[in-house]
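Novice: Before we start, here is the structure in question, set down as structure tokens.
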Amino acid sequence: MVLTKTQVNSNRTWNPERPIRGSQAGFTLIEILIALAIFSIGMLGILSSVNSVMFHQANARDMSLATLYSTQKIEEIKQIATNEPAGGGFGFDYLLGTWPSASTMTSVDNWTYSDTDTPQTGFTRTWTLSAYPAGGSNPHLADAANRAQVNMVQVSVTTSWTDSRGNTHSVPISVLLHRRQFIQ
């Protein structure tokens, strides 16, 4: 069968009943709305993940700072307790006698002192000195003769803070200090 020129041209003209094919095809409005909905849901998931990661990073930073503040106070107290042999003004007796009153510590009982400070905004640090005298007696530390019976002191430091979601966290650290015996 041979086509005439008119038949060939009529096949190339636009026919509204014939579907569009090839590169002329486009997206419908419904397809675009569905794609935007899927994209939005994915972005909300990513944003909530980012928010969660930022919260946990801030929490880890606060945990590290609290650990630093607790160990810093323990090292300060250890330094005061071990200054006896060098002839300094500090030492174990100073730690139990003069230092608690000089540093505004409060007496919890006859052999325990406690104090609180704020090393940085948002953090609260509380430390306690508990004396353990030789022989298990409980002397009153206000008497200098009784302080000589104390061979060990437990230092407990707790640093607390509240996170951005209102949860309270704390880092407790304790150490046991022993009176150093020196041979003269």
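Read-outs: derived from the displayed coordinates by stated rules, not from any lab. These figures come from a predicted structure and were not determined experimentally. In this analysis, Cβ positions are derived from the backbone assuming ideal geometry, glycine residues included, and neighbour counts consider all displayed protein chains.
Novice: Inside region 59-73, can you point out the residues that are closer than 17 Å to Asn167 by Cα and surrounded by 13 or more Cβ atoms within 10 Å (Cβ to Cβ)?
Specialist: Within region 59-73, Asn59, Asp62, Met63, Leu65, Ala66 qualify.
Novice: Take Asn51 and tell me if it is in a helix (DSSP H, G or I), over 18 Å from Val157 (Cβ atoms) and either touching a Gly at 6+ places or on another chain (Cβ under 8 Å) or touching a residue at least 40 places away in the same chain (Cβ under 8 Å) (or both).
Specialist: Details: in a helix (DSSP H, G or I): yes; over 18 Å from Val157 (Cβ atoms): yes; either touching a Gly at 6+ places or on another chain (Cβ under 8 Å) or touching a residue at least 40 places away in the same chain (Cβ under 8 Å) (or both): no.
So Asn51 does not fit the description; no.
Novice: For region 165-174, name all the residues that are touching a residue at least 24 places away in the same chain (Cβ under 8 Å) and either in a strand (DSSP E or B) or within 11 Å of the chain's Cα centre (by Cα) (or both). Can you show your working first?
Specialist: In the first step, residues of region 165-174 are kept if they are touching a residue at least 24 places away in the same chain (Cβ under 8 Å); the result is 165, 169-173.
Hits for region 165-174 are His169, Ser170, Val171, Pro172, Ile173.
Novice: Can you name every residue in region 144-162 that is within 16 Å of Val175 (Cβ to Cβ), without any contact (Cβ under 8 Å) to a residue 60 or more places away in the chain and either surrounded by 15 or more Cβ atoms within 10 Å (Cβ to Cβ) or small (Gly, Ala, Ser) (or both)? Quick ask: steps written out before the conclusion?
Specialist: Keep residues of region 144-162 that are within 16 Å of Val175 (Cβ to Cβ), which gives 150-159.
From what's left, without any contact (Cβ under 8 Å) to a residue 60 or more places away in the chain: 150-152, 154, 156.
Within region 144-162, Val150, Asn151, Ser156 qualify.
Novice: Identify, from the list Ile80, Ile46, Ile41, the residue that is surrounded by 11 or more Cβ atoms within 10 Å (Cβ to Cβ), more than 14 Å from the chain's Cα centre (by Cα) and assigned to a helix (DSSP H, G or I).
Specialist: Working: Ile46 fails: surrounded by 11 or more Cβ atoms within 10 Å (Cβ to Cβ); Ile41 fails: surrounded by 11 or more Cβ atoms within 10 Å (Cβ to Cβ).
Result of the check over Ile80, Ile46, Ile41: Ile80.
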